[in-house]
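To start, the structure under review is shown below, and the notes come after it.
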Amino acid sequence: MKLFILTLLVLLVVQFSFAASSKDWKVPTEIKKLPNGLRVVFSEDHSSPTFAICITYGIGFRLEPEGRTGFAHLFEHMTFQGTPNTPKGVLDKVVQSGGGLHDGYTRSDFTNYFVNAPTSSFDQILWLEADIMKGLDFTDENLRNQKDVVEEEVRLNVLNQPYGGFYWIDLQRKAYDTFPNSHNWYGDFKDLEAATLDDVKKFFEQYYAPNNAVIAVAGDLSSEEVFSKVEKYFGSIPARKVPPLPNVSEPPQTGERRETQKDNFAKLPAIAIGYRMPSRTSRDSLVGALVSNLLHDGESSRLYLKLIKDAKVATDVSGGVNWPLGNAFDFNGPTLFTSLVFYADVTKAEELIQNYDSVISELAQNQVSAEELSRARNKFRSDWYAELERPISRASALATTTLFDGDPSRVNKIADEIKQITPQDIQSFVKRYLVQSNRTIINRIPDNKGEKQ
Amino acid sequence: VSVKKLATLVIFLGLVSSILNAAQKEPQLPKDLPPFGEMKPVQAPLVTEKKLTNGLTLWFAPNAAFPKVTFVLVIKGGIEQDGVDHAGVSELLAGMLNQGTKNRTAKRIAEELQNAGGSFSYWVDTDGISFSTIVLSEMALDAATLLADMAQNCTFPENEFEIVKKKNLDYLEASEAEPGFLTGRASYKLLFGDHPYSIYSGTKEGVTNSSLNDVKSEYVRRFRPDQALLIVAGDFDSKEMESHLTKLMSSWKASKENAIGSLPIPESHNTGKVFILNRPGSVQSTIQFSRLGIKRGDPEYAASEVGNAIFGGMSSGRLFQNVREEKGYAYSIWSRINSENLSAIYTIKANVRNEVTGGAMNEIFYEINRMATTAPSNDEVTRAQRYLLGYRAFLLQSSSSVADELTSLWLMNLNSEQLNRESKEILEVTAHKVKEVSGKSQAVQNYVVVAVGEEKVIRDQLSVFGLKMESLK
């Protein structure tokens, strides 16, 4: 109890604001730091008798060790394999017996474990997640089993599919020079196979500490209940020394990089273009997010109108910042501004790139109109709100903004930040970053060899 | 050792190991684990219905918790209405709706939607087509105006049609590289035979055959207010929206053309057989089991849903625990019920590496038989019930997924009251009832099995189960 009163003195921010117009819409955010360093965030919402929780650790693919590609994700799988108190299989059973949905995912700079459930199972979920943070049940049998499962996952999503995720796995390999940013985050099988129980233990000890985690809760609970119960279940887990974040910056790119690949399965070619983005914390990073919206989003976007409707050289276009495994806010290191274009005629790759370039140079030469900018801002704001609608995605946004910005209320500031972006900002972003010497292009073309076998 | 003998051994081992595991697999709950609290009831959203004089149905599901509004326009007559020769004309029709009206060009439509914070999307389903946009709440009336214009004043410009057609052909070409698409398409064709439900998606031939005139005549046939529903869900003023939509939509007249006719009840074909589609270079077999199932609205649906959760619908269910968590054969293995208007299709899908294709099949067969012949434990039933209610609560958290749920209910001639009815019925299901319903439906002989993969590697593995096998082209 003494411990609890002490911790209430630590940072406590409350924001509440509901208004009729969507322009002023905000979600409530409260944050508290426990003495063991665990940051707890809560967003109250009584629109459904449910809650969502994210237990988000500040470790992702980027920092997995050399020779252990894919390990952060393999480790994520291991956390579902039981603890000394909770045998394998119990977690799934208890969560689902409480009406819960749960899963986890690994990204460049964090790993997120989430549950969405009726509020009646709040205590049980906290108990189970605290039990995981206290320690895992490491066995060779479980490790073998999950290596098999992860390898099936890689086959399912990469090796047995057309395109094989080339627009992120290969694009970042080509675009970056250092191991943290360029390695295959899904993992080479050789590295996955090499992983040992000692690796698992070490990774847990290094990174799965309360002081390297954020717990975000959104839903039909009170802040008093959330903070006191998180304290009750997690407060006794001791803080540990977490390795400082290494420098993961890249040597500057000096010229355009290109690669052509053959695809065993694909029937249509595709081109991925990745520009290196400025630092996430710079104002330009946000400008990049809006530029991506102008270029990629919907049938009024610049690339859609040019490549599909006007020049008719493409079939589909998509893209984004830190795409497709994240958004412009949930990463902490080098990332790309990516466009992915599917097209039909392999002989038209150069024509496609020329048309793409003409869209970029138009944006560099002439400022966007006030109308176009306003439309793009509205769409951006609308999409961002959608990230905050369901408890599960709201909790996730709160967790990552807390992890990377130290401030969950950032989620309420993004719409305003976007409003400040001017046509000049967009023009200078395009001129500075969307240039040939800063980009990597991979052209992936069908290889019909497979059909002849 | 001959392949046959080896296989018998595999089946035998499979049975034994699974039974042992089932017996071992009731781990004690941790002693400190706190108990569940009281589960609050999840109420379906209140939906008010309004019918316009021209027959158009409006469903309003207001909810001020989130400042956006979802619009869904649903028309009856989906891909089942295309006919094999024109399979895909639905997708062309859907893709043309935002390509120009008497009042707006395609670009203008896209810009207005973007300005409202939305985008245009459509979904071509078996029994209907839905068009949706999700916009910022202060733009809701503008979005309604735009949607009304698209529904009634679409002009089908020739130049845009060429682009839409090309996009659809390219999309189909690209899809044919995906094992999941190939498996799904083959399964529907085999299971439904000549019934229109056999059309899984458009085909390149069907799209090529479809002219702009075909699209226009499908528009006349299917776009009728008396077979359409407009759902508005989210943060809006019902009174204001109702008067706005009444003004906009009342002039929409049904043509004299034939409305969508009714179809016969589908029967299953090709069951109890294994079909292999060769996909050279595959490193995994993409397996789909398909059979007819019990659809929503049927008195036995709740028991079927609970049975499915226990079998393969949740990660603590049997397929996932056995095939993935015990054997490590798959990352993804699930079963599900997909209800349509006239029947449901029950599927089991798994992706397994080449060398364990036979082993995974063996475990699936084993689990099918176990569902059919023994009642689940009360523990499993309770867990499935609570899981299904929790999943419903999740679905109802957002206005856009409420609108999606209402769309499927309407296409099955059901309404939002069904949601509360189902929640009640789920809680009434007993282990005995699950066994009764599974006993009638869960038999290997009821399924069409399709495997897409490297035929030369997996054929022998699949030949040992005593089922007829055929190669597909």
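The values are calculated or read from the model by the stated rules, or taken from the named source; none is laboratory data. Because the structure is a prediction, the values reported are computed rather than measured. Here Cβ is always computed from backbone atoms with ideal geometry, including for glycine, and neighbour counts include all displayed protein chains.
Determine the pairs where a residue that is within 30 Å of residue B:282 (Cβ to Cβ) and within 14 Å of chain B (Cβ to nearest Cβ), located within the range A:245-270, has a partner that is hydrophobic (A, V, I, L, M, F, W, C) and assigned to a loop (DSSP other than H, G, I, E, B) with Cβ atoms under 7 Å apart, the partner being 6 or more residues away or on another chain.
Every condition considered, the pairs that remain are A:265/B:177; A:266/B:177; A:267/B:177; A:268/A:344.
Determine whether the range A:357-380 contains at least one residue that is surrounded by 16 or more Cβ atoms within 10 Å (Cβ to Cβ), more than 9 Å from chain B (Cβ to nearest Cβ) and of a type in the set (Phe, Trp, Tyr).
no
Can you find a residue that is within 14 Å of another protein chain (Cβ to nearest Cβ), more than 18 Å from residue B:166 (Cβ to Cβ) and either surrounded by fewer than 17 Cβ atoms within 10 Å (Cβ to Cβ) or not charged (D, E, K, R) (or both) anywhere in the range A:316-337? I'd like the intermediate steps shown before the answer.
In the first step, residues of the range A:316-337 are kept if they are within 14 Å of another protein chain (Cβ to nearest Cβ); the result is A:316-318.
Still in the list and also more than 18 Å from residue B:166 (Cβ to Cβ): none.
The answer is no; no qualifying residue exists.
Filter the helices (runs of 4 or more DSSP H) completely within the range A:330-442 down to those with at least 1 residues that are under 22 Å from residue A:253 (Cβ atoms) and modelled with pLDDT of 95 or more.
Correct list: A:349-365, A:423-433.
Being over 26 Å from residue A:376 (Cβ atoms) and touching a helix residue (DSSP H, G or I) at 6+ places or on another chain (Cβ under 8 Å) is true for just one of B:161, B:131. Which residue is that?
Working: B:131 fails: over 26 Å from residue A:376 (Cβ atoms).
Of the residues listed, the single one that is over 26 Å from residue A:376 (Cβ atoms) and touching a helix residue (DSSP H, G or I) at 6+ places or on another chain (Cβ under 8 Å) is B:161.
State which residue is farthest from the other protein chains (Cβ to nearest Cβ) when the search covers only the range B:110-138 and only residues that are over 24 Å from residue B:212 (Cβ atoms) and of a type in the set (D, E, K, R). Walk me through how you get there before you give the answer.
First, the residues of the range B:110-138 that are over 24 Å from residue B:212 (Cβ atoms): B:111-112, B:114-119, B:126-127, B:132-138.
Those left that are additionally of a type in the set (D, E, K, R): B:111-112, B:127, B:138.
Details: B:111: 5, B:112: 9, B:127: 27, B:138: 6 Å.
Out of the qualifying residues, it is B:127.
I'd like the full set of residues that are crowded, with 23+ Cβ neighbours inside 10 Å and at the interface with chain B (Cβ under 9 Å from one of its Cβ atoms), limited to the range A:298-308.
Within the range A:298-308, A:300, A:301 qualify.
Report yes if residue B:151 is touching a residue at least 12 places away in the same chain (Cβ under 8 Å), under 22 Å from residue B:252 (Cβ atoms), among the aliphatic types (A, V, I, L, M) and more than 14 Å from chain A (Cβ to nearest Cβ), otherwise no. Spell out the reasoning first.
Values: touching a residue at least 12 places away in the same chain (Cβ under 8 Å): yes; under 22 Å from residue B:252 (Cβ atoms): yes; among the aliphatic types (A, V, I, L, M): yes; more than 14 Å from chain A (Cβ to nearest Cβ): yes.
Yes; evaluated as a whole, the condition is true for this residue.
On the basis of being away from every other protein chain (no Cβ under 11 Å), among the aliphatic types (A, V, I, L, M) and farther than 27 Å from residue B:175 by Cβ, does residue A:286 make the cut? Talk me through it step by step, then tell me what you get.
Numbers: away from every other protein chain (no Cβ under 11 Å): yes; among the aliphatic types (A, V, I, L, M): yes; farther than 27 Å from residue B:175 by Cβ: yes.
Yes.
Do we find that residue B:99 is at pLDDT 95 or above and within 14 Å of chain A (Cβ to nearest Cβ) in this structure?
Numbers: at pLDDT 95 or above: yes; within 14 Å of chain A (Cβ to nearest Cβ): yes.
It is true that residue B:99 is at pLDDT 95 or above and within 14 Å of chain A (Cβ to nearest Cβ).
Looking at the range B:220-240 only, could you name the residues that are buried (at least 20 other Cβ atoms within 10 Å of the Cβ) and in a helix (DSSP H, G or I)? Write out each step before concluding.
Here is the first cut: in the range B:220-240, the residues buried (at least 20 other Cβ atoms within 10 Å of the Cβ) are B:222-225, B:228-236.
B:222, B:225 - these are the residues of the range B:220-240 that are buried (at least 20 other Cβ atoms within 10 Å of the Cβ) and in a helix (DSSP H, G or I).
Quick test for you: out of B:264, B:280, pick the one residue that is within 14 Å of chain A (Cβ to nearest Cβ), part of a loop (DSSP other than H, G, I, E, B) and either surrounded by fewer than 16 Cβ atoms within 10 Å (Cβ to Cβ) or in contact with a Pro (Cβ under 7 Å, 6 or more places away or on another chain) (or both). Spell out the reasoning first.
Numbers: B:264 fails: within 14 Å of chain A (Cβ to nearest Cβ).
Residue meeting the stated conditions: B:280.
Cβ-Cβ under 6 Å, sequence separation 6+ or interchain: first residue in the range B:120-138 and under 19 Å from residue B:234 (Cβ atoms), partner β-branched (Val, Ile, Thr). Which pairs?
Pairs found: B:120/B:133; B:130/B:72; B:130/B:74; B:130/B:407; B:132/B:72; B:134/B:70; B:135/B:69; B:137/B:69.
Evaluate the following for residue B:331: is it of a type in the set (Ser, Thr, Tyr), away from every other protein chain (no Cβ under 11 Å) and part of a strand (DSSP E or B)? Talk me through it step by step, then tell me what you get.
Working: of a type in the set (Ser, Thr, Tyr): yes; away from every other protein chain (no Cβ under 11 Å): no; part of a strand (DSSP E or B): yes.
The answer is no for residue B:331.
So the check is Cβ under 9 Å with 6+ separation or different chains; which pairs have a first residue in the range A:150-166 that's within 8 Å of another protein chain (Cβ to nearest Cβ) and a second one that's in a loop (DSSP other than H, G, I, E, B) and among the acidic types (Asp, Glu)?
Sorted first by the residue in the range A:150-166, then by its partner, the pairs are A:161/B:178; A:162/B:178.
Which of (1) at the interface with chain B (Cβ under 8 Å from one of its Cβ atoms); (2) in a loop (DSSP other than H, G, I, E, B) is the odd one out, the single condition residue A:59 does not satisfy?
(1)
So which of B:285, B:290 ends up being within 14 Å of chain A (Cβ to nearest Cβ), buried (at least 19 other Cβ atoms within 10 Å of the Cβ) and either modelled with pLDDT of 95 or more or under 24 Å from the mean Cα position of the chain (by Cα) (or both)? Let's see the steps before the verdict.
Numbers: B:290 fails: within 14 Å of chain A (Cβ to nearest Cβ).
Checking each option against the conditions leaves just B:285.
Sort out which residues of the range B:309-350 are buried (at least 24 other Cβ atoms within 10 Å of the Cβ), of a type in the set (Gly, Ala, Ser) and farther than 24 Å from residue B:430 by Cα, and write them in order of number.
B:330, B:350
Which pairs have Cβ atoms under 7 Å, sit 6 or more apart or on different chains, and link a residue in the range B:236-255 that is closer than 14 Å to residue B:71 by Cβ to one that is at pLDDT 95 or above and basic (Lys, Arg)?
B:242/B:50
Residues A:325, A:290: which one is of a type in the set (A, V, I, L, M, F, W, C) and assigned to a helix (DSSP H, G or I)? Working first, answer last.
Working: A:325 fails: assigned to a helix (DSSP H, G or I).
The conditions single out A:290.
If you check A:90, A:115, which single one turns out to be surrounded by 24 or more Cβ atoms within 10 Å (Cβ to Cβ), within 13 Å of chain B (Cβ to nearest Cβ) and of a type in the set (Val, Ile, Thr)? Spell out the reasoning first.
Values: A:90 fails: surrounded by 24 or more Cβ atoms within 10 Å (Cβ to Cβ).
Exactly one of A:90, A:115 is surrounded by 24 or more Cβ atoms within 10 Å (Cβ to Cβ), within 13 Å of chain B (Cβ to nearest Cβ) and of a type in the set (Val, Ile, Thr), namely A:115.
Can you work out which of the residues in the range A:393-409 that are surrounded by fewer than 23 Cβ atoms within 10 Å (Cβ to Cβ) and over 16 Å from residue A:58 (Cβ atoms) is nearest to the other protein chains (Cβ to nearest Cβ)?
Within the range A:393-409, the match that is nearest to the other protein chains (Cβ to nearest Cβ) is A:393.
Any idea which residue in the range A:256-296 is farthest from residue A:381 (Cα to Cα), counting only those that are over 19 Å from the mean Cα position of the chain (by Cα) and polar (S, T, N, Q)?
Top of the filtered list is A:264.
In this structure, is residue B:70 within 12 Å of chain A (Cβ to nearest Cβ) and either buried (at least 23 other Cβ atoms within 10 Å of the Cβ) or closer than 23 Å to residue B:263 by Cβ (or both)? Lay out the reasoning, then the answer.
On the way: within 12 Å of chain A (Cβ to nearest Cβ): yes; either buried (at least 23 other Cβ atoms within 10 Å of the Cβ) or closer than 23 Å to residue B:263 by Cβ (or both): yes.
Judged against the criteria, residue B:70 is a match.
Which of the residues belonging to the range A:318-365 are of a type in the set (S, T, N, Q) and over 21 Å from residue A:410 (Cβ atoms)? Before you say what the answer is, go through the steps one by one.
The first filter runs over the range A:318-365 and keeps only residues of a type in the set (S, T, N, Q), leaving A:318, A:322, A:327, A:332, A:335, A:338-339, A:347, A:354-355, A:358, A:361, A:365.
Matches in the range A:318-365: A:318, A:338, A:339, A:347, A:354, A:355, A:358, A:361, A:365.
Among B:191, B:141, which is farther than 24 Å from residue B:75 by Cβ, more than 10 Å from chain A (Cβ to nearest Cβ) and hydrophobic (A, V, I, L, M, F, W, C)?
Details: B:141 fails: farther than 24 Å from residue B:75 by Cβ.
Sole residue among the options that is farther than 24 Å from residue B:75 by Cβ, more than 10 Å from chain A (Cβ to nearest Cβ) and hydrophobic (A, V, I, L, M, F, W, C): B:191.
Filter the range B:154-183 down to the residues that are of a type in the set (Ser, Thr, Tyr) and free of Cβ contacts under 8 Å to residues at least 60 places away in the same chain, then identify the one that is nearest to residue B:96 (Cα to Cα). Walk me through how you get there before you give the answer.
Our first condition is that a residue be of a type in the set (Ser, Thr, Tyr); within the range B:154-183, this holds for B:155, B:171, B:175, B:183.
Narrowing the set further to residues that are free of Cβ contacts under 8 Å to residues at least 60 places away in the same chain leaves B:155, B:171, B:175.
Details: B:155: 9, B:171: 16, B:175: 21 Å.
Within the range B:154-183, the match that is nearest to residue B:96 (Cα to Cα) is B:155.
Of the numbered conditions (1) within 18 Å of residue A:134 (Cβ to Cβ); (2) touching a residue at least 60 places away in the same chain (Cβ under 8 Å); (3) within 12 Å of chain B (Cβ to nearest Cβ); (4) in contact with a strand residue (DSSP E or B) (Cβ under 8 Å, 6 or more places away or on another chain), residue A:81 fails exactly one; give the number of that condition.
Result: residue A:81 fails condition (4) only.
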